[in-house]
1. Residue by residue, what Karplus-based ³J(HN,Hα) values in Hz, rounded to whole numbers, does segment 23-33 have, using 6.51, -1.76 and 1.60 with θ = phi - 60° and x for Gly and Pro?
2. Mind running the shape call on segment 3-105? Use the C-alpha gyration tensor, a ≥ b ≥ c as the square roots of the eigenvalues: rounded below 1.5 for a/c, prolate if a/b tops b/c, oblate otherwise.
3. Normalised by the number of residues in segment 6-199, what is the relative contact order in percent for Cα pairs under 8 Å and 6+ residues apart?
4. Under the rule of at least 5 residues apart or a separate chain, name every residue whose amide H is placed under 5 Å from the amide H of Arg18.
5. At what distance in angstrom do the alpha carbon centres of segment 103-169 and segment 28-53 lie from each other?
6. Work out, step by step, the length gained on full extension between Glu150 and Ser3: first 0.36 nm times the residue separation, then minus their alpha carbon distance; give nm to one decimal.
7. Name the shape class, rounded, prolate or oblate, that the alpha-carbon gyration tensor gives for segment 124-208, where a ≥ b ≥ c are the square roots of its eigenvalues, rounded holds for a/c under 1.5, and otherwise prolate holds if a/b is larger than b/c and oblate otherwise.
8. If Rh is defined by the Kirkwood formula over all Cα pairs and Rg also comes from Cα, what ratio Rg/Rh do you get for segment 59-123?
Amino acid sequence: MTSINHLVAFVKAPRLGRVKTRLAADVGAIAAWAFYRRTTGAILNRLGGHGRWQPWLAVTPDTATAPGLWPDAWRRIGQGTGDLGQRMARVMGELPPGPVIIIGTDVPDIRPAHIARGFRALGHHDAVLGPAADGGYWLVGLRRRPRLPEIFQGVRWSTEFALADTLANARGLDVAMLDVLDDVDDGAGLEQWRRREAAGRPSAAPRV
């Protein structure tokens, strides 16, 4: 069976008051919703349709997979139930053969070069992680052969321990690390990103 690269973006249906709730506490629900729509749209348009990987959208709720809501280049699947780790493990286990990279859409500086570097790393490593400045991570990938490791169990999601917990689970695996990028979870993060955008500087220049 042919093995191809799979890029999965985890997304929420862009419903007012249901997305970026931590950011909304600082800037208001409408501004947070507008940021989420803009950033998600930009990332999906930037990373889909390259031919170097099959793009998938893992959507929540599972019913929000209707055509017209998302770019056509992305195949749509539901995330299912459980915490973030359970949902990511499910996607890792159910996609067709080939390396899998999962990203979110709250890191505006993600570029195709980052994804390409991640897949290249999976050619020589068991796993790849893109660390975030807050102790989490913006990308996780697994080669998925000769076995699918369980690296998401017991992770303290949305805390400064998420990356460390995942690395602890991955002990014994060969893990590659990518650039540190900033996600936007609160008003301070949004302001920092706006300053970088105005200056034309991403938080980390992708290296090909």
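1. So the J values, rounded to whole Hz, are 5, 4, 4, 9, 10, x, 5, 5, 5, 5, 4.
2. It comes out prolate by the Cα gyration axes.
3. 21
4. Placed amide hydrogens put nothing under 5 Å from Arg18.
5. After rounding, the separation between the Cα centres reads 19 Å.
6. Length gained, Glu150 through Ser3: 50.8 nm.
7. It is oblate, given that a/c is not under 1.5 and a/b is not larger than b/c.
8. Answer for segment 59-123: 0.97.
Each value in this text was obtained by applying a stated rule to the coordinates, not by laboratory testing. Fair warning: this is a prediction, and the values are worked out from it, not measured in the lab. Reconstructed Cβ throughout: ideal geometry from the backbone, glycine too, with neighbour counts over all protein chains shown.
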